[in-house]
Amino acid sequence: MKLKIKKTSKIIYLVVITLAILCLAELLVTNRLSTMGWKVQALEKEADQLKKENEALTEEMSLQASLARIALRAQELGFVQSDSVSYLTPQIPVALK
Amino acid sequence: MSINFKVNLLFVGFALVGITLAGRLFYWQIINSDRLKVTAEGQRWSFFEIPAQRGEIKASDGSSLANSKEAYLLYASLPQVDKAPAEIAAKILPFLENTDEEGLKTQLNRKNVLWVPLKHKVSRQAKEGIENLNLKGLGFEKEETRNYPEGSMSAHLLGFVGVDANGQDKGYFGLEGYYDLELKGKPGAKKWEKDASGKPILLGENMTEEGKNGRTLVTTIDRTVQYLIEIKLKEGIEKYGAKSGTIIVMEPGTGAILGMASQPSYDPSTYYLFEKTLYRNPAVSLAYEPGSTFKVVVMAAALNEKAVDEETVCDKCSGPRTIGEYTIKTSTEKYYPNSNLTDIIKHSDNVGMVFVSEKLGLEKTLEYLKRFGFGQKTGIDLEDEDSPALRADKNWRTIDLATVAFGQGIAVTPLQMVRAVGSIANKGKLVEPFIVKKVIDGQKVSEITPPKSKQIISPATASQVTKMMVEAVEAGEAKLAKLKGFEIAGKTGTAQIPLEGHYDKEKTVASFVGFAPAQNPRFVMLVTLREPSASIWGSSTAAPLWLEISKELFTYFGVLPGV
């Protein structure tokens, strides 16, 4: 009988300690997470900033790739439009069997 | 004072306090409940709309013709503004394009409001400039604005994005208008619990409604062709002293529009600075009388019906024709007795064409006008397409049958004309012109299959008319400008412009329509110049311009001479 009571007490202690540890763990996690809002905000801000930079680069790229811009740049680099075009026609071999 | 009196007085005091408390509670909990609820919600929740980015419009090579860029709404939080409205307006005005200073002052002077919008679509650079002024009470909210990297190129094709009655972005005209719903997308929303300092609570409640960015359109527009015809059209209008002009380049086998340009034009990013009359695309909406370019259509109809054939000789071509009170002459007042059909096209003989249309007859002529797509829209995917109506069948007179043979007394749009001639290039099959070939929705790409073409004349008829058109270029009016080694099928047109019930003698629409290489056409193109002052004739204005453009197109498409 005494042994049975001792065993039951041990089980109860174990359960209580486990519960206490779990409660403490939850408290610690909740405490940590509840103040993580600032990190989320910072990450969102960073993501927003990167998106803005990406958009700015895309805008700049599309402007630089425009044909009007390319034509102007070509002119600045000294390219001129060719007036004459020569067509190379394939030569038939002289000796044919 | 008796004790009863004191007790009663205390009782009255407590009652008064109780009534006052009840009254205040009633005031705050009943009368002000809605306002407090909103304030509480505002303190507890962050609400944030995730705007949908408008879809892109791309050329056939994937380069961007229209996309969205960063912009801002400039607003003023009036309780925080600490300077006079006039001073603020004067300081921010230099950064804001096309803004009225009085309008800004009016907004800043408003009473009984906490927040006023000052200017939409402020650029990033302007935002930075205004932020550097450190003016209290001014803030920015992110929005987007439309960006057209190629400037005013393809303005009529693209249309523009304006605002509707609710202040929301909306596409008008061109592709922006036609595909507005696809391009718009759907905004999303995000709602989450926040703490006292405004930061999100990770373990709190949050809700997200996913939005959808607009779809991206990939068009058939060849950026190089478009750029070329825009430049050449501007140069041609200046050279020939024309008031306006249009060029359309189309793939005859599919109906894919490779290029479409009209002048005068506008810049879609600053459309509000231009006359509204410029917004409509003349290539698909402006009616004109096609003149002699129409002769190939009537000739094709007559040949297809076997009303005439290669052996037919015109026995009424020795001089002017009188029909009722009207006299039909040739444009040069030269006459070619016993002309065959090729001669009629080569000499652009009005009298010869009257002979042909009389052989075809009114009923068949009207049937073929409809077969070639005249009097109805082509179905192109542009918002502003229109079609001049054909005269009701019962209202056609003998003179109308005669004049339609040489393209007068009938109104068409440039797109209808190029499509009709395109059917001759395409072995008798009439296509439905289109511009968007692909729609991209995230990762999903949908190819748009163009509608099936209709066989409206036989391939043999198409081949016969092609030969006549080649002859017209080789030996006809446009022969001076032809390109050596390239077989071009084409026809000039010089149409008088109707003015108050009669035709103006000085003003014309000069045009040239054709396709090349004649036997295996890579493109069909129409050039029209309205009221050219250098010369009224299509052979001297539109034809050389057409040939100049085609020379560049041959090089670009890698078309060799002798093909």
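Residues within the reach of a label modelled at B:ASP386 (point 7 angstrom out along Cα to beta-carbon, backbone nitrogen below 12 Å), restricted to segment B:264-281, are B:277-281.
For the protein assembly as shown, the antiparallel share of DSSP beta bridges with both residues in that region comes to about 95%.
Rolling a 1.4 angstrom probe over the protein heavy atoms with all chains in place gives segment B:107-171 an accessible area of 51 Å² per residue. Backbone phi angles across segment B:127-140, fed through the Karplus curve with coefficients 6.51, -1.76 and 1.60 (θ = phi - 60°), yield HN-Hα couplings of 4, 5, x, 5, 4, 5, 6, 6, 8, 5, x, 9, x, 10 Hz in residue order; Gly and Pro are listed as x.
A straight chain from B:ALA534 to B:ALA165 at 0.36 nm per residue would run longer than the Cα-Cα distance by 128.3 nm. Using a 4.7 Å Cβ-Cβ cutoff, the cysteines of the protein assembly as shown lacking any partner cysteine are A:CYS23. With the simple spin-label model, which puts each label point 7 Å out from Cα in the Cβ direction, the B:GLU333 to A:GLU53 separation comes to 7.7 nm.
The calculated FRET efficiency for the pair A:MET61 and B:GLU143, based on their C-beta separation and a Förster distance of 30 Å, comes to about 0.90. Restricted to Cα atoms, chain B shows a radius of gyration and a Dmax of 33.8, 140 angstrom. Distance between Cα centroids, segment B:45-124 to segment B:426-501: provide it in whole Å. So the two Cα centres are separated by 47 Å.
Coupling constants for segment B:312-321 follow from the phi torsions by the Karplus curve (6.51 cos²θ - 1.76 cosθ + 1.60, θ = phi - 60°), and in residue order they are 4, 10, 7, 9, 10, 9, 7, x, x, 10 Hz; glycine and proline get x. In the structure shown, do any of B:LYS306/B:LYS505; B:LYS370/B:LYS505; B:LYS191/B:LYS212 have a Cα-Cα gap over 26 Å, and if so which? From B:LYS306/B:LYS505; B:LYS370/B:LYS505; B:LYS191/B:LYS212, over 26 Å: B:LYS306/B:LYS505; B:LYS370/B:LYS505. Note on B:ILE399 and B:GLU209: their simple-model spin labels are 6.5 nm apart, each label 7 Å out from Cα toward Cβ.
For segment B:250-257, backbone phi angles converted through the Karplus equation (6.51, -1.76, 1.60; θ = phi - 60°) give residue-by-residue couplings of 9, 7, x, x, 10, x, 5, 7 Hz, Gly and Pro being listed as x. Projecting label points 7 angstrom from Cα along Cα→Cβ for B:GLN443 and B:VAL7 puts them 8.4 nm apart. If you take the accessible area of A alone, add that of B alone, and subtract the area of the pair, what total do you get in Å², probe 1.4 Å, to the nearest 100? So the buried area, both faces added, is about 2200 Å². Taken about its Cα centre, segment B:328-415 carries a charge dipole of about 440 debye when Lys and Arg each add +1 at the Cβ and Asp and Glu each add -1 at the Cβ. Neighbours of B:GLY185 by Cβ distance under 12 Å: Lys/Arg scored +1, Asp/Glu scored -1, total -2. With respect to chain B, whose longest principal axis is taken over its alpha-carbon atoms, helix B:362-371 is tilted by about 40°. Using Cα atoms only, what is the angle between the long axis of helix B:3-26 and the major principal axis of chain B, expressed in degrees (0 to 90) to the nearest 10? Here the helix axis deviates by roughly 10 degrees.
Residues whose amide H lies under 5 Å from that of B:LEU118, counting only those 5 or more places away or on a different chain, are B:LEU74, B:TYR75, B:ALA76; hydrogens are built 1.01 Å from N in the peptide plane.
Of the accessible area of chain B, with the probe set at 1.4 angstrom, what percent is carbon plus sulfur? It is 52 percent, rounded to a whole number.
In chain B, a dipole from Cβ-located charges (positive for Lys and Arg, negative for Asp and Glu) runs towards its positive end, and of B:ILE229, B:PRO459, B:LEU278 it is B:LEU278 whose Cα lies farthest in that direction.
Using only side-chain charges placed at the Cβ, +1 for Lys and Arg and -1 for Asp and Glu, the dipole size of the protein assembly as shown relative to its Cα centre rounds to 2840 debye.
Extension gain, B:LEU499 to B:LEU181: 0.36 nm times the residue separation minus the Cα-Cα distance gives 110.4 nm. Normalised by the number of residues in chain B, the mean separation of alpha-carbon contacts (under 8 Å, six or more apart) gives a relative contact order of 14 percent.
In segment A:68-87, comparing the full protein assembly with the chain on its own, the residues that lose 50 Å² or more of accessible surface at a 1.4 Å probe are A:TYR87. Amide H to amide H, with H built 1.01 Å from N, B:LEU135 comes under 5 Å of no residue 5 or more places away or on another chain.
Think of a 1.4 Å ball rolled over the protein heavy atoms: segment B:258-378 then has 43 Å² of accessible area per residue.
Look at where the Cα atoms of segment B:351-419 and of segment A:27-53 average out, and the two centres are 68 Å apart. Peptide A:56-67 is shielded by partner chain Cβ atoms: per residue, an average of 6 of them sit within 10 Å of its Cβ. Under 1.5 on a/c is rounded, so check that first for segment B:364-502, then, if it is not, pick prolate when a/b is larger than b/c and oblate when it is not; a ≥ b ≥ c are the square roots of the alpha carbon gyration tensor eigenvalues. It is oblate, given that a/c is not under 1.5 and a/b is not larger than b/c.
Note: relative contact order over segment B:305-433, using C-alpha pairs below 8 Å and six or more positions apart, is 22 percent. Beta-bridge orientation, chain B: approximately 95 percent antiparallel, per DSSP, counting only bridges with both partners inside. Of the residues B:GLY375, B:ASN395, B:VAL412, the one whose Cα sits farthest toward the positive end of the charge dipole of segment B:372-419, with +1 on the Cβ of Lys and Arg and -1 on the Cβ of Asp and Glu, is B:ASN395. Each of B:ALA59, B:GLY204, B:PRO561 was placed along the dipole of chain B (beta-carbon charges, centred on the mean Cα), and the one lying farthest toward the positive end is B:GLY204. Peptide B:148-154 has a mean of 4 when you count, residue by residue, the C-beta atoms of other protein chains within 10 Å of its C-beta.
Under the criterion of Cα pairs below 8 Å and six or more residues apart, the relative contact order for segment B:182-231 equals 41 percent. Counting Cβ atoms of other protein chains within 10 Å of each residue's Cβ and taking the mean over peptide A:35-42 gives 5. For segment A:1-86, a simple Cβ point-charge model (Lys and Arg +1, Asp and Glu -1, everything else neutral) yields a dipole of about 1700 debye relative to the Cα centre. Note that segment B:228-267 carries a Kirkwood radius of 10.9 Å, evaluated over its alpha carbons pair by pair. Once the Cβ-Cβ distance of B:LYS91 and B:LYS359 is raised to the sixth power relative to R0 = 51 Å, the FRET efficiency obtained is 0.05. Near B:GLY211, the amide H atoms lying under 5 Å from its own belong to B:GLY188, B:ALA189; only residues 5 or more places off or on other chains count, and H is placed 1.01 Å from N.
In segment B:62-78, burial by the other protein chains removes 50 Å² or more of 1.4 Å probe accessible surface, compared with the chain on its own, from B:GLU70.
The values are calculated or read from the model by the stated rules, or taken from the named source; none is laboratory data. Bear in mind the structure is a predicted one, so any value in this text is a computation, not a measurement. Here the Cβ is made from the backbone with ideal geometry for all residues, glycine too, and neighbour counts use every protein chain on show. Keep in mind that these areas ignore ligands, DNA and RNA; they rest on the heavy atoms of the full protein, side chains included. Shrake-Rupley method; radii C 1.70, N 1.55, O 1.52, S 1.80 Å.
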